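In what follows, a structure is listed as structure tokens, so that the remarks can point back to it.
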Amino acid sequence: MIEIDNVVAGYTADIDILRGMTLAVQPAEIVTLLGPNGCGKSTLLKTIAGYLLPRSGSVTLQGKNVSQIPVHQKIRHCSLGFVPQTENVFSALTIRENLQVGGHYMAPADCRARMDELCVLYPILGKKFNAPAASMSGGERQILALARALMPRPEILLLDEPSAGLSPKVLHEVFDAIVQVRNQERVTVLMVEQNAMEALRISDRAYVLSMGAVALTGRADALMRDEQVRELYLGGRAH
Ligand SMILES: Nc1ncnc2c1ncn2[C@@H]1O[C@H](COP(=O)(O)OP(=O)(O)OP(=O)(O)O)[C@@H](O)[C@H]1O
């Protein structure tokens, strides 16, 4: 579970990007963050992950206040996986080696067993196991990035625009991969997405952010049906 309570954070001392952010994600939910460019979606993920530490307020993961724990410790000790928007696979390394990077802290036998599990969950990884990641398509790379973050069996997964740069067909494959791991491993997922309608289709709930705070929230199906929400935040009418 993720609980964000009244978080204020920013990159420089004089400017707050998050201005009293409060939200929660229940176990095994998929929740999407929406909102205009620059409203603080990625900054919120970075603050939860610990790249940025809040000036005030609290970040609680699985019931533990981890507000001041930096990213390298969070990934290792707080059951957290993070897939950043860019540079999320090592092109020159093979699929196996990318997964091993994700399993860096695991015992070798456990790391091997987890790679086998993920190759069953996502067969494309097994098919290309010893090929360089550079040989993968955009969608396949995104699935590899997801799998790498899943190596240590995190209970919480943060995804920054998993569909960025993907065609609509491939986008569905990546979203299916996210739903699959939530269903099979009960992972709690918080993601930022520009493809709002598509993201809402696989989400339980969403938060719309504006200027570093929550502007509105609701169940994904209700937000998709709401005429005003569609006009203001989701790029117009449903199709
Ligand atoms: N590393 C950084 N240093 C300083 N300011 C930053 C940094 N990263 C982001 N910002 C600023 O923080 C604000 C929020 O950026 P953020 O990336 O969180 O927005 P976003 O809602 O994810 O936007 P987008 O939809 O465009 O990705 C912006 O004004 C941005 O310029």
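Using only helices, what value at 222 nm comes out for the chain when you add -39,500 (n - 2.57) per DSSP H run of length 4 or more and divide by the total residues, to the nearest 500 deg cm²/dmol? Mind dumping the intermediate values first?
On the way: 10 runs with 94 residues, N = 239.
So the calculated ellipticity at 222 nm is -11500 deg cm²/dmol.
Where is the GNM fluctuation largest for the chain (alpha-carbon springs, 10 angstrom cutoff): ALA199, ALA164, ALA49?
Top of the fluctuation ranking is ALA164.
Apply the Karplus parameterisation 6.51 cos²θ - 1.76 cosθ + 1.60, with θ equal to phi minus 60°, to every residue of region 201-209 and state each ³J(HN,Hα) to the nearest whole Hz, in sequence, with x for glycine and proline.
With coefficients 6.51, -1.76 and 1.60, one gets 4, 9, 9, 7, 9, 8, 10, 9, 9 Hz.
Starting from the Cα gyration tensor of the chain, take the square roots of the eigenvalues, sort them a ≥ b ≥ c, and report rounded, prolate or oblate (rounded when a/c is under 1.5, otherwise prolate if a/b is larger than b/c, else oblate).
Numbers: a/c = 1.87, a/b = 1.29, b/c = 1.45.
Taking the square roots of the gyration eigenvalues as a ≥ b ≥ c, the chain is oblate.
Before anything else, pin down the relative contact order of region 2-231: Cα pairs under 8 Å, at least 6 apart, normalised by residue count, whole percent. Kindly include the intermediate steps, with their values, before the conclusion.
Working: 437 pairs, mean separation 64.0, N = 230.
So the answer I get is 28 percent.
Specify the residue with the greatest mean-square fluctuation among LEU93, LEU80, LEU200, computed from a Gaussian network of the chain linking alpha-carbon atoms under 10 Å apart.
It is LEU93.
Under 25 Å Cα to Cα from LYS74, which lysines show up? Leave out anything in the same chain fewer than 8 places away.
Here the lysines satisfying the reach criterion relative to LYS74 are LYS41, LYS46, LYS64.
About the Cα centre of the chain, what is the dipole size in debye to 20, counting +1 per Lys and Arg Cβ and -1 per Asp and Glu Cβ, all else neutral? Kindly include the intermediate steps, with their values, before the conclusion.
Details: 24 positive and 24 negative charges, 72 e Å.
About 340 debye.
Using a 10 angstrom cutoff on alpha carbons, build the Gaussian network for the chain and name the most mobile of THR86, THR22, THR12.
Most flexible of the set in this elastic network: THR12.
Among GLY212, ALA147, ALA92, whose Cα lies farthest out toward the positive end of the dipole of the chain, if unit charges sit on the beta carbon of Lys, Arg (+1) and Asp, Glu (-1)?
Farthest towards the positive pole: ALA92.
Under 13 Å Cα-Cα from LYS169, which aspartates and glutamates qualify once same-chain neighbours fewer than 8 residues away are excluded?
Correct list for LYS169: GLU140, GLU198.
Suppose every Lys and Arg Cβ carries +1 and every Asp and Glu Cβ carries -1, with no other charges. What dipole size does region 151-223 come out with about its Cα centre, to the nearest 20 debye? List each step's numbers first, then the result.
Values: 7 positive and 10 negative charges, 33 e Å.
Dipole magnitude for region 151-223 comes out near 160 debye.
With each label point set 7 Å from Cα along the Cα-Cβ vector, what nm distance links HIS72 and ARG201?
4.2
Applying 1/(1 + (r/R0)^6) with R0 = 30 Å to the Cβ-Cβ distance of ASN65 and GLN228, what FRET efficiency is obtained, to the nearest 0.05? Don't skip to the answer; put the middle values down first.
Details: r = 37 Å, r/R0 = 1.22.
For ASN65 and GLN228, the calculated efficiency is 0.25.
Taking the Cα centre of the chain as the origin and placing charges on Cβ (Lys, Arg +1; Asp, Glu -1), which of GLY38, LEU157, GLN26 is farthest toward the positive end of the dipole?
LEU157
Every read-out reported here was derived from the displayed coordinates using simple, explicitly stated rules and does not represent laboratory data. Quick caveat: nothing in here was measured; it's all calculated off a predicted structure. When we count neighbours, we look across all protein chains shown, and the Cβ atoms used for this are built from the backbone with ideal geometry, even at glycine.
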